[in-house]
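K.L.:
Attaching a single structure in structure tokens format; questions to follow.
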Amino acid sequence: MQLSGKKIAILATNGFEQSELEVPLAKLKAAGATVDVVSLQPGDIKGWDKTDWGHPIKVNKTLDQVSADDYDALVLPGGQINPDLLRIEPRALAFIKSIYKQKKVLAAICHAPWLLIEAGLIKGKKVTSYKSIKTDVINAGGKWEDSEVVTDQGLITSRNPGDLEAFSTKIIEEIREGRHAQRAA
């Protein structure tokens, strides 16, 4: 088990892209990690599955119950609704910034780089995102590229659900190898 003893948070709320939460969740668990779905409120959150509401996912912990100290990595699934709701939530932004400041792996896919922009973490970094927010990323100072997965010192980004295999593999690799620890403060 490549990630035995590692603990990962997936931060999401209603409107997350179903596959962008479920695929990394399954792959990280299969690699031996303990994974918590973290959200704003307890209970369930409902995903968006391509063209309609998906099925609910159980929230393991709320933002009030977690600290960056508890985790080795943070995964941010996309979808349009999920990151748009989270980027106006100060607790979510504080958690993301704290993970980054502690030099832990931080992974965002699809529209989730909106959260990295709002947290002030994009400037000068090589990143990718869903094509509709490319201009947002560039305007925030990100070095956007059209690749299935882009890594810059432990900051991992991917474009869309078609990139989930590469995205999940890169998260596991970065956590296992500890490359993010060399990130500049």
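Bear in mind that the values in this text are calculations on the coordinates, not laboratory data. A quick note: this is a predicted structure, and the numbers were derived from the prediction, not measured. Methodologically, a virtual Cβ is constructed for each residue, glycine included, from the backbone with ideal geometry; neighbour enumeration extends over all protein chains shown.
K.L.:
When Asp69, Asp163, Asp152 are ordered from fewest to most other Cβ atoms inside 10 Å of their Cβ, what list results?
P.N.:
On the way: Asp69 9, Asp163 20, Asp152 15.
By the 10 Å Cβ count, ascending: Asp69, Asp152, Asp163.
K.L.:
Please express the Cα-Cα pair-distance distribution P(r) of the stretch 40-80 as a list of whole percents, one per 5 Å bin, running from 0 to the bin with the greatest distance.
P.N.:
That works out to 6, 17, 22, 25, 18, 8, 4, 0, in percent per bin.
K.L.:
GNM on the chain, C-alpha springs below 10 Å: top fluctuator among Gly47, Gly124, Gly79?
P.N.:
Looking only at Gly47, Gly124, Gly79, the biggest GNM fluctuation is shown by Gly124.
K.L.:
Around Ala108, which amide H atoms from residues at least 5 apart in sequence, or from another chain, sit under 5 Å from its own amide H, with H modelled in the peptide plane?
P.N.:
Leu76, Ile156, Thr157, Ser158
K.L.:
Let me ask something additional. Using a Gaussian network model of the chain whose springs link C-alpha atoms within less than 10 Å, name the residue from Ala108, Ala30, Ala92 with the highest mean-square fluctuation.
P.N.:
Ala30
K.L.:
According to a simple spin-label model (label point 7 Å from Cα along Cα-to-Cβ), what is the distance in nm between Lys7 and Thr34?
P.N.:
It is 0.5 nm.
K.L.:
Sorting Thr157, Thr62, Thr151, Thr135 on the 10 Å Cβ count, fewest up front, what's the list?
P.N.:
Thr135, Thr62, Thr151, Thr157
K.L.:
For the chain, what is the Kirkwood estimate of the hydrodynamic radius, computed as the reciprocal of the mean inverse distance between distinct Cα atoms, to one decimal in Å?
P.N.:
On the way: mean 1/r = 0.0635 Å⁻¹.
It works out to 15.7 Å.
K.L.:
Using a Gaussian network model of the chain with C-alpha springs under 10 Å, which one of Lys143, Lys50, Lys103 is most mobile by mean-square fluctuation?
P.N.:
Evaluated over the chain, the most mobile residue of the options is Lys50.
K.L.:
Using r as the Cβ-Cβ distance of Gln102 and Asp44, and R0 as 45 Å, what FRET efficiency do you calculate, to the nearest 0.05?
P.N.:
0.95
K.L.:
How much length is gained on full extension from Asp146 to Ile88, taking 0.36 nm per residue of separation minus their Cα-Cα distance? Kindly include the intermediate steps, with their values, before the conclusion.
P.N.:
Working: separation 58, 0.36 × 58 = 20.88 nm, distance 2.69 nm.
Separation in residues times 0.36 nm, less the Cα-Cα distance, equals 18.2 nm.
K.L.:
May I ask you to compute the full-extension gain from Ser67 to Ile138, defined as 0.36 nm times their residue separation minus their alpha-carbon distance, rounded to one decimal in nm?
P.N.:
Length gained between Ser67 and Ile138: 22.6 nm.
K.L.:
Write down the percent of antiparallel bridges among all DSSP beta bridges whose residues are both part of the chain, to the nearest 5.
P.N.:
25 percent
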